[in-house]
């Protein structure tokens with residue numbers, strides 16, 4: 001979301017700028033696009049080139065934007081209800097307005113916060129975060145330029161309009177699960193899928209985002225993906241659909257929600273491994289020891305961590321393509337240390353075998 005770009009260094013790893021922004025192109029009471037829509041200067045401007053785009057292309061933390069994509073894409077610029085400019089791939093744009101019209105007929109109002117972000121724009125954001133917060137933080141919170149799904153122009157971020165009020169902040173939008181459920185029911189018919197599923201962060205690399213939808217230009221495939229509640233990666237055979245054992249234990253120190261938040265950070269980071277996750281478990285309350293606190297604070301002279309969480313993962317490495325680990329190997333008890341400052345969010349401080 002656009003407003004997430006303005007977050008401070010306490011932001012969580014999965015809430016990153018790698019997601020899109022949220023603003024749309026019409027008022028809350030109309031389905032018609034505004035007249036000032038224009039074809040993007042970055043588009044090739046021909047039907048032949050637009051037809052050459054692979055709508056099933058996978059872009060994630062491991063798969064970059066296909067070569068020449070930005071030369072071939074045809075996009076539309078539109079102005080949303082907040083007055084922001086949003087750029088969308090042309091067919092995704094048309095499908096979005098069909099979806100929007102159907103939702104409005106049932107009293108659900110949405111708008112577009114963001115869609116396409118160029119590789120150059122992503123690099124600019126990365127540079128800004130690096131200058132303000134440092135390279136380590138920027139790497140944790142901003143998608144690597146070239147590896148953001150928003151480069152495709154097919155990933156759209158929605159926001160809600162409720163009683164004439166624009167609801168654009170993540171923390172506010174998640175308060176309306178019943179509205180998002182209605183929206184999700186309509187996606188597949190128009191060739192969209194929900195991209196970042198709850199609990200599948202170890203595959204997608206991002207936390208649950210009910211507003212982030214992806215156009216794939218095939219309603220039948222979209223229906224299959226949505227009905228099976230699987231990720232795009234799973235459908236394409238790029239990730240295993242085997243169930244992962246998650247054991248958060250019975251902590252007397254942390255709530256289940258607190259441990260789930262920490263586990264999400266681990267799962268998001270794990271997605272960059274390209275390995276098959278088998279299990280993730282909380283090490284127990286004894287990990288919040290004076291020794292561990294002293295250790296995590298020693299890793300960053302500016303840190304003032306007050307609590308520590310330790311987790312372990314078991315996973316299997318791919319047969320080829322891995323650089324860090326032995327190929328086709330079971331890796332057990334891979335350690336993750338997370339810490340948080342007073343009133344802050346969990347941050348991965350270190351990982352690996354010690």
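Bear in mind these aren't lab numbers, they're just calculated from the coordinates by the rules spelled out. These numbers were taken from a predicted model, which means no experiment stands behind them. Cβ sites come from the backbone with ideal geometry, for glycine too, and all protein chains shown count toward neighbours.
Tabulated results
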| read-out | value |
| --- | --- |
| Relative contact order %, segment 67-188, counting alpha carbon pairs below 8 Å whose residues are six or more apart | 26 percent |
| Mean separation of Cα contacts under 8 Å (6+ apart) over length of segment 245-352, as relative contact order % | 26 percent |
| Label-point separation, residue 291 to residue 98 (7 Å along Cα→Cβ), nm | 6.2 nm |
| Nearest 10 degrees, 0 to 90: helix 90-105 Cα axis against the chain principal axis | 90 degrees |
| Structure-based [θ]222 nm, the chain - -39500 (n - 2.57) summed over DSSP H runs of at least 4, per residue, nearest 500 | -8000 deg cm²/dmol |
| Bins of 10 Å from zero: percent of alpha-carbon pairs in segment 193-258 | 19, 45, 23, 11, 2 |
| Calculated over segment 83-219: convex hull of Cα atoms, volume per residue (Å³) | 129 Å³ |
| Residues residue 351 and residue 320, FRET efficiency given R0 of 30 Å [Cβ-Cβ distance, rounded to 0.05] | 0.85 |
| Helix axis angle, 119-133 relative to the chain longest principal axis, alpha carbon, degrees | 40 degrees |
| Volume per residue of the C-alpha convex hull in segment 245-352, rounded to whole Å³ | 102 Å³ |
| Taking 268, 275, 287 and counting other C-beta atoms within 10 Å, the order from fewest to most | 287, 275, 268 |
| Burial ordering of 246, 213, 161, fewest other beta-carbon atoms within 10 Å first | 246, 161, 213 |
| Fewest-first sequence of 305, 353, 295 by Cβ atoms within 10 Å of each Cβ | 353, 295, 305 |
| Computed over the chain: relative contact order in percent, which uses C-alpha pairs under 8 Å that are six or more apart | 15 percent |
| Segment 258-330 and segment 225-247: distance between their alpha carbon centers, rounded to Å | 21 Å |
| Stokes-Einstein D for segment 108-166, Kirkwood Rh over Cα pairs, 4 °C, 1.567 mPa s (µm²/s) | 101 µm²/s |
| Cα-based helix-to-principal-axis angle, 219-228 vs the chain, degrees rounded to 10 | 30 degrees |
| The chain: Rg to Rh, with Rh as the Kirkwood radius over Cα pairs | 0.98 |
